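Structure first, commentary second.
Any read-out appearing in this document is the output of simple, stated calculations on the displayed coordinates, not a laboratory observation. Values in this document were obtained by computation on a predicted structure and should not be read as measured data. Counting neighbours? That spans all protein chains shown, and the Cβs are built from the backbone with ideal geometry, glycine included.
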Amino acid sequence: MRLAMFQPDIPQNLGAAIRLCACLGIGLDVIRPAAFPLDDRDLRRTAMDYADAADITLHAGWQAFQATRADSRLILMTTRAASDLHDFTFQPDDVLLMGRESAGVPDTVHDSANARIRIPMATGARSLNVVTAAAMALGEAIRQIR
């Protein structure tokens with residue numbers, strides 16, 4: 001299983017995603033461009049001391065990411081999904097895709113997903129922090145497949 005961050009906007013969220021993936025033993029794909037510098041030095045600063053413990057792959061863009069996926073399913077976390085997280089059956093080689101904090105993903109990326117799931121929220125709530133949502137989804141996925 002892997003977590004993919006699509007064009008992240010907020011360095012602190014990427015740092016939290018790196019920490020999450022390092023702690024859970026999950027690989028992380030970062031799909032550029034990011035809204036902040038993303039070279040090795042900046043990535044290390046964002047990730048604090050978790051960068052060495054994380055399996056991080058940087059991709060030049062969406063097409064470069066797509067070329068590496070092989071047969072894995074792409075599971076998009078989106079508030080536009082009809083299926084709830086807890087009703088979804090995860091597989092060990094799934095890639096969980098999180099959109100940009102400011103804009104989600106474009107329709108072309110949305111349409112590329114094999115499945116779209118959401119976290120049910122209280123009426124009137126817009127969205128959770130992207131890494132909070134990723135942690136909830138990865139927790140459910142790990143519960144199911146391990």
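Distant-in-sequence amide contacts of Ala4, defined by a placed amide H-H separation under 5 Å and a gap of 5 or more residues or a different chain, comprise Asp29, Leu96, Leu97, Met98. Each peptide in 93-100, 53-60, 1-8, 79-86 gets a packing score, the mean of other Cβ atoms within 10 Å over its residues, and the list from highest to lowest is 1-8, 93-100, 53-60, 79-86. In region 2-145, taking the dipole from charged Cβ atoms about the Cα centre, the farthest positive-side position among Cys21, Met121, Gln7 is held by Met121.
Using Cβ point charges alone (K and R +1, D and E -1), the dipole size of the chain about the Cα centre works out to roughly 200 debye.
Relative to the 2.2 N^0.38 Å rule of thumb, the chain has a C-alpha radius of gyration ratio of 0.97.
Summing charges over all other residues whose Cβ lies under 15 Å from the Cβ of Gly61, with Lys and Arg as +1 and Asp and Glu as -1, gives +2.
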